[in-house]
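The values are calculated or read from the model by the stated rules, or taken from the named source; none is laboratory data. Values in this document were obtained by computation on a predicted structure and should not be read as measured data. Don't worry about glycine lacking a Cβ; one is built from the backbone with ideal geometry, like all the others, and counts go over all protein chains shown.
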């Protein structure tokens, strides 16, 4: 309990565990009675969420870092607000591998997540285009793997290049600071170390990690363009031991119970051509390269589980034959699926008894364009408007109540191939991330019944909050002149595929 000037009007902060009996640890109550403000939460996290509710009640000025009025008197009518989140996992992915975001930008992003009552930052730390985490046992991961000579400008089909070298990485102390800063805001930082695909930066640093019997891996450099890369990790004991060493240091830095290992978009061409990969398949009794990928994932699933952590992977981790019975090939019970290729992966995972995080690209990939038209900067993917995101429903239809309970929550993803700086990330994230935050916090009606007109009216006030926070969001009328990127090509797709 913490009291400030309660005798003469002030704020009382209280932890009341009974508030969470039905609604969980983030449940809270805010009482304004004209004399005293009481913010009570079921836990410290609940008190913090209640403070964000109170901050919203005070108005946009409360979102500035310092007062702008010499003597500001807050006036609020008597009110009682009781609230609790619908989902335990309310996340956002930030891809710092394709374009590096310096530490200060990540801390600022955590503040923005906290202001919207989001509680998970999924930090995508490694990919073909860069390795962003200091690993003491493997120094070349950052000496070599954190830097590329140039970058594709726009979509991968664009003929344009940014010829400036690009890179950067977080030291261990940077990560400790980020994790501690997040914890103060009751946000969990979930690290992602991508295997066995999306790994060219690691192979460029340590060529023995690649399929050396198929290609000359010593000629590889950190990839400078976007897309699905054919250079994947070799299924060898050397590779397994290397990533065990990496993950040992990851576990020391990140207390999150979840560790994301990717598992997506792994082309099998090199494995098909590799005698070493075929020998591994024969030794393990694997029928094909799909089962070989499953073997790779299962290894790290068991390795993490033995250390008290839970593997998270993209929905491809469900693939790979029927080892272990059913669709899920022998994963531990704690393995969790990020359903990104629509809803089918989440449905299959929930029915197989695994927890699920819903993040379908057709609905909550915020790197996708926000409107049709030539003014939209670097238009990629499908049009996903503010209203589209507001109507996102995390729980797939057709699940039983027990299966629906497997949906831990949802996540909006920001992949940064065409977001080279903070300004571009702001533009793509906001205001859509505000709509997403409401869909994962509040028990809204069915998507078709949601009152988007009411949300738009409330957004008028929220735009003023975003202004106070210094967010370079997309205005409702379209991009400002400096937000456009004329001549930088994207590749909009016609329509969207079925959400399955």
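Taking residue 158, is it crowded, with 18+ Cβ neighbours inside 10 Å, closer than 30 Å to residue 369 by Cβ and at pLDDT 95 or above?
Judged against the criteria, residue 158 is not a match.
So, in region 435-459, of the ones that are within 16 Å of residue 114 (Cα to Cα), out of contact with any helix residue (DSSP H, G or I) (no Cβ under 6 Å at 6 or more places or on another chain) and without any contact (Cβ under 8 Å) to a residue 60 or more places away in the chain, which residue ends up surrounded by the fewest Cβ atoms within 10 Å (Cβ to Cβ)?
Ranking the candidates gives 438 first.
Out of 116, 99, 124, report the one residue that is in contact with a helix residue (DSSP H, G or I) (Cβ under 9 Å, 6 or more places away or on another chain) and farther than 26 Å from residue 460 by Cα.
Of the residues listed, the single one that is in contact with a helix residue (DSSP H, G or I) (Cβ under 9 Å, 6 or more places away or on another chain) and farther than 26 Å from residue 460 by Cα is 99.
Exactly one condition in (1) outside the structural domain of residue 17 (by TED's automatic domain parsing); (2) in contact (Cβ under 8 Å) with a residue 12 or more places away in the chain is false for residue 104; which is it?
(2)
Could you please find all residues in region 125-144 being part of a loop (DSSP other than H, G, I, E, B) and either closer than 16 Å to residue 192 by Cα or free of Cβ contacts under 8 Å to residues at least 12 places away in the same chain (or both)?
Hits for region 125-144 are 125, 128, 129, 132, 134, 135, 139.
Residues of region 460-492 being touching a helix residue (DSSP H, G or I) at 6+ places or on another chain (Cβ under 7 Å), free of Cβ contacts under 8 Å to residues at least 60 places away in the same chain and over 19 Å from residue 420 (Cβ atoms), which ones?
462
Per-residue answers, yes or no, for (1) over 25 Å from residue 168 (Cα atoms); (2) surrounded by 21 or more Cβ atoms within 10 Å (Cβ to Cβ):
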{"residue": "230", "(1), (2)": "no, no"}
{"residue": "256", "(1), (2)": "no, yes"}
{"residue": "267", "(1), (2)": "yes, no"}
{"residue": "279", "(1), (2)": "yes, no"}
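Just to be sure before I move on: is residue 122 under 30 Å from residue 89 (Cα atoms), in the same structural domain as residue 415 (by TED's automatic domain parsing) and modelled with pLDDT of 95 or more in the structure I sent? Don't jump to the end; show me each part of the working.
Values: under 30 Å from residue 89 (Cα atoms): yes; in the same structural domain as residue 415 (by TED's automatic domain parsing): yes; modelled with pLDDT of 95 or more: yes.
So residue 122 fits the description; yes.
Table: residues versus (1) closer than 28 Å to residue 411 by Cα; (2) touching a residue at least 12 places away in the same chain (Cβ under 8 Å); (3) part of a helix (DSSP H, G or I).
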| residue | (1), (2), (3) |
| --- | --- |
| 156 | yes, yes, no |
| 174 | yes, yes, yes |
| 182 | yes, yes, yes |
| 186 | yes, yes, no |
| 189 | yes, yes, no |
| 197 | yes, yes, no |
| 212 | no, yes, no |
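Could you list all residues from region 216-252 that are in contact with a helix residue (DSSP H, G or I) (Cβ under 7 Å, 6 or more places away or on another chain) and either part of a loop (DSSP other than H, G, I, E, B) or not assigned by TED's automatic domain parsing to the domain that holds residue 197 (or both)?
Once the filter is applied, which keeps residues that are in contact with a helix residue (DSSP H, G or I) (Cβ under 7 Å, 6 or more places away or on another chain) and either part of a loop (DSSP other than H, G, I, E, B) or not assigned by TED's automatic domain parsing to the domain that holds residue 197 (or both), region 216-252 yields 220, 221, 222, 223, 229, 230, 231, 232, 234, 235, 236.
In the list 51, 92, 97, which residue meets the criterion of being within 20 Å of the chain's Cα centre (by Cα) and not in a loop (DSSP other than H, G, I, E, B)?
The unique qualifying residue is 92.
Only one of (1) within 28 Å of residue 121 (Cα to Cα); (2) over 24 Å from the mean Cα position of the chain (by Cα); (3) crowded, with 19+ Cβ neighbours inside 10 Å fails for residue 250. Which number is that?
If we test residue 250 against (1) within 28 Å of residue 121 (Cα to Cα); (2) over 24 Å from the mean Cα position of the chain (by Cα); (3) crowded, with 19+ Cβ neighbours inside 10 Å, just (2) comes out false.
Got a sec? Which of 147, 131 is under 22 Å from residue 255 (Cα atoms) and at pLDDT 95 or above?
131
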